[in-house]
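What follows is a set of notes on a single structure, which appears directly below.
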Amino acid sequence: MLPSIEHRLAKELAVKLPQIQATVQLLDDGATVPFIARYRKEATGGLDDIQLRLLEERLHTLRELEKRRLAIIAAIEKQNKMTPELLDAINHTEDKAHLEDLYLPYRKKRRTKAQIAHEAGLQALADSLLSNPRLHPEIEAAKYLKAPFVTEEGENPGVTDTEKALEGAQHILMERFAEQAPLLQSLREYLRTHAILVAKVAKDKKETDTKFTDYHEYAEAIGKIPSHRALALLRGEREAILKLKLCLDCELEKDTRITALNPCESAIARQFGIQDQKRPADAWLIDTVRSAWRLKIFVHLETEFMHGLQEHAETDAIQVFAQNLKALLLAPPAGPRVTIGLDPGLRTGVKVAVVDATGKVLATTTIYPHAPRNDWDHAIQTLKQLAEQYQATLIAIGNGTASRETDHLAKDLIKKYPQLKLTSIMVSEAGASVYSASELASQELPDMDVSLRGAVSIARRLQDPLAELVKIDPKSIGVGQYQHDVDQSKLARSLDSVVEDSVNAVGVDVNTASPALLEYVSGLNSKIAHNIISYRNTQGRFAQRTDLLRVPSLGAKTFEQAAGFLRIVNGANPLDASAVHPESYPVVERILKDHQLTVSTLIGNHSLLKSIHPEKYTNDKVGLLTIKDILHELEKPGRDPRSTFKTATFKEGIETIKDLHPDMILEGVVTNVAAFGAFVDIGVHQDGLVHISALADKFVKDPHTIVKVGQVVKVKVLEVDEKRKRIALTMRLSDGRVTTH
């Protein structure tokens, strides 16, 4: 028998079967991945969130495959055509394509030419010519002529002449050849290593297309096409600029003549004992083989391979998007400091918003320092007054249109008034306009003009990127490639998982969090998040975690899933501000009793916590991994896993692509990471590309192992193409070092 789903998962993930079984049970019981990863380590053997997400996805895929297997068995049994051999083959295949191959002869089809030929009694002709090529096709075909007639299936044209008889017999054999599962599998395997994808530009687009010029004359083995290239090719085909075609590598040879059978046609011929020995029916049988391959089998496999190319490319693109999103969400926060947010603009002015340390809006206005008004001095004075009045220490500047000009304004302010002790930082404004016009923004900032909401969002992003970015649809944050070309439901599912994992990795202050942040907490949803806010607004702040049980719809099961990720700062119990789960408080109480300490004196007592033997506190409910986690958390409760906040400094005088020249060394921020390299913002309104080969002085398989979104890097300019707005950069500096922060 085929191994169970749990056995397959254990083998694929290289972990023990009991770990898989326990994890599957937890998932089926409604536990979330963050909860399982953090608080059920004994059950899973310490599987991390990445392994658990992969397990969750594979579990879904394998269960869908199993559901399809059972449906196919039921369909064949209903036709009374199931045999022990077929059932065994169906039960033992692990591949979806092969499973569908086995079902192909039994699948309900529309009335085909082969079926019409069957009705006309031509199967005997097909069988006789296949089994005895010494028969003369025309002579044999003359025996099967039949006038038109009507069947239950519809009108049948009959067999009016020998040509029609042979054509019908050929359709019967073609369908038979195309429905041989073992043959299809071997042909599929051959194509995996010998199929070439060829692209050519459409004749009417050759002179006008500039987007897909790299693919106007292109050929590459389908198994070697990287995901970004595959998505570009498929987009070019969708836009009717490129024409894509799959062919065998042997067919690319210029002098190949279509006389001998190609390797796939030869495989079909061998399977059915067809050889060209100059017997009367040999030529007809060879022609049948060719037709079966070109009109049926290859068409089927080409569709399958192109779908597979799309699916594989989508998977890679979604994974890259997810990695970039995670890096952006977990970017270091500037922290709770009064911040001035600037949303740059030229004619429409620069929108200004001042927010306090908690993100509450203190003031908004609009200044016009740039053309056409050029009211520079008044803009400086306005910002100075706001900084003094609210004691701001940070200026966050959106990196869109007029960002460098606005950065100059901030630098001029800082230079003229050093006593203000201000720091200006460029912030990605991707998605800010989406947030500004959203329903959530209208609820949070109901009396504020839409144009000013962007400045608020930019300021809050600097304070805490995670808390602000969760308010925006992840697809609008702009750290993916070809995101509109991939399966949108898969993309949304993957990105939501990333947001959920990121929010729970950091933890959430239940007394200050927005509903958008709360709904990503393990176990919570939009309804419960809004209930928490409503309770907080009417009853006041939560004093302890157990108060959450008073929130409507938040029962014991939800509390179990969520409590460890919800923090209560300065509450009744110091443990409520930590990642220690309430179910583990009795363990802490035992430690306190043994050492005659209070929670306050135990927390942060590094020497004592290091001296504790975790084995002493394990029992049938709490294992060693959990005890170690508890002791680690007590050293620095509620620690933020995000790294220390750092900023890039753009070089003075470098504002547009025209200011760049080769060998210039600059500092920048990674804005996007793709399979082929990383894009870096160096402050000229056009990101430069560090190709994967220029990321390090060693071979790099995955750019994410070297850089991540939001990282500050030093780069050297290699080449500037002003016309095409392309900047080539390298992180391999002249002394051979690769510099990142």
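The values are calculated or read from the model by the stated rules, or taken from the named source; none is laboratory data. Just so it is clear, the model here is predicted, and its values are computed rather than measured. Cβ sites come from the backbone with ideal geometry, for glycine too, and all protein chains shown count toward neighbours.
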Residues of the range 150-181 satisfying the condition of being among the basic types (Lys, Arg) and closer than 24 Å to residue 108 by Cβ: 176
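Give the residue that is surrounded by the fewest Cβ atoms within 10 Å (Cβ to Cβ), with candidates limited to residues of the range 551-570 that are out of contact with any Phe, Trp or Tyr (no Cβ under 7 Å at 6 or more places or on another chain) and not hydrophobic (A, V, I, L, M, F, W, C).
Residue satisfying both the conditions and the ranking: 570.
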Matching helices (runs of 4 or more DSSP H) fully within the range 251-348 where at least 3 residues are over 36 Å from the mean Cα position of the chain (by Cα): 263-271, 282-291
Top-ranked residue of the range 474-492 - restricted to ones that are of a type in the set (A, V, I, L, M) and not in a loop (DSSP other than H, G, I, E, B), ranked as nearest to residue 313 (Cα to Cα): 491
Residue tally, condition over 28 Å from residue 232 (Cβ atoms), of a type in the set (A, V, I, L, M) and at pLDDT 85 or above, over the range 639-665: 3
In the range 219-246, the residues that are free of Cβ contacts under 8 Å to residues at least 60 places away in the same chain and touching a Phe, Trp or Tyr at 6+ places or on another chain (Cβ under 9 Å): 229, 233, 236, 239, 241, 242
Residue in the range 176-197 that is buried (at least 19 other Cβ atoms within 10 Å of the Cβ), at pLDDT 95 or above and aromatic (Phe, Trp, Tyr) present: yes
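Residue-by-condition table, conditions (1) over 21 Å from residue 597 (Cβ atoms); (2) of a type in the set (Gly, Ala, Ser); (3) part of a helix (DSSP H, G or I):
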{"position": "629", "(1), (2), (3)": "no, no, yes"}
{"position": "634", "(1), (2), (3)": "no, no, yes"}
{"position": "639", "(1), (2), (3)": "no, no, no"}
{"position": "669", "(1), (2), (3)": "yes, no, no"}
Test for residue 682: is it touching a residue at least 12 places away in the same chain (Cβ under 8 Å), more than 25 Å from residue 406 (Cβ to Cβ) and crowded, with 19+ Cβ neighbours inside 10 Å: no
Yes/no for residue 544 being touching an Asp or Glu at 6+ places or on another chain (Cβ under 6 Å) and of a type outside the set (Phe, Trp, Tyr): yes
Unique match (being in contact with a strand residue (DSSP E or B) (Cβ under 8 Å, 6 or more places away or on another chain) and either at pLDDT below 95 or surrounded by 12 or more Cβ atoms within 10 Å (Cβ to Cβ) (or both)) among 146, 109: 146
Residues of the range 259-273 satisfying the condition of being surrounded by 14 or more Cβ atoms within 10 Å (Cβ to Cβ) and small (Gly, Ala, Ser): 266, 267, 269
Residue in the range 418-431 that is surrounded by fewer than 19 Cβ atoms within 10 Å (Cβ to Cβ), in a helix (DSSP H, G or I) and among the hydroxyl-bearing types (Ser, Thr, Tyr) present: no
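Residues checked against (1) farther than 16 Å from residue 474 by Cβ; (2) in a helix (DSSP H, G or I); (3) not β-branched (Val, Ile, Thr):
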site: 497; (1), (2), (3): no, yes, yes
site: 503; (1), (2), (3): no, yes, no
site: 521; (1), (2), (3): yes, no, no
site: 532; (1), (2), (3): yes, yes, no
Helices (runs of 4 or more DSSP H) lying entirely in the range 1-47 (those with 1 or more residues that are farther than 23 Å from residue 525 by Cβ): 5-13, 17-28, 41-44
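Looking at 66, 42, 12 in this structure, which one is closer than 21 Å to residue 579 by Cα, surrounded by fewer than 17 Cβ atoms within 10 Å (Cβ to Cβ) and touching a residue at least 40 places away in the same chain (Cβ under 8 Å)? Please lay out each step first, then the result.
Details: 66 fails: closer than 21 Å to residue 579 by Cα; 12 fails: closer than 21 Å to residue 579 by Cα.
Going through 66, 42, 12 in turn, the sole match is 42.
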Close pairs (7 angstrom Cβ cut-off, 6 or more residues apart or separate chains): without any contact (Cβ under 8 Å) to a residue 40 or more places away in the chain in the range 327-355, part of a strand (DSSP E or B) anywhere: 349/366; 349/367
Residue within the range 529-544 that is closer than 30 Å to residue 28 by Cβ and among the basic types (Lys, Arg) present: no
Qualifying residues in the range 324-361 (those that are touching a Leu at 6+ places or on another chain (Cβ under 7 Å) and charged (D, E, K, R)) - the one farthest from residue 423 (Cα to Cα): 351
